[in-house]
C-alpha cells in the first residue's frame, strides 16, 4: 500500500526537525515530571531538560502524557493550602 502525500509530508517534516541527540520516549517520560514542575513555577528549564520540549513537539504520545501531568500538577497547586 503506497503512502499518501500527506503522510510523506508529515514524515519529511519530522525528519527535518530531528536533532543529533534525540531523547527516546523512556528518557523523556523519566524526566517529564521535573520538566512540568519547573514550568508550573515559572523556573528556567535547564539545558539538560530542553530536549524534552523538543521531544514533546515530535511525539504525540509523550505530549499527551505531558498534558495530563500538567493538568494534575496544576490542580494540585491550586488545591494546596498557602
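Readers should treat all values here as calculations from the given coordinates under stated rules, not as data from a laboratory. Being a predicted model, the structure only gives us computed values, none of them experimental. For neighbour counting, all protein chains shown are included, and Cβ atoms are generated from backbone atoms with ideal geometry for every residue, glycine included.
Annotations for the structure displayed:
- Length gained on full extension, residue 41 to residue 73, computed as 0.36 nm times the residue gap minus the Cα-Cα distance: 10.5 nm.
- Distance between the pseudo-spin-label points of residue 50 and residue 6 (7 Å out from Cα toward the beta carbon): 3.4 nm.
- For segment 21-79, the relative contact order works out to 40 percent when only alpha carbon pairs closer than 8 Å and six or more residues apart are counted.
- Computed from the Cα positions only, the extents of segment 21-79 along the three principal axes stand at 37, 23, 16 Å, in decreasing order.
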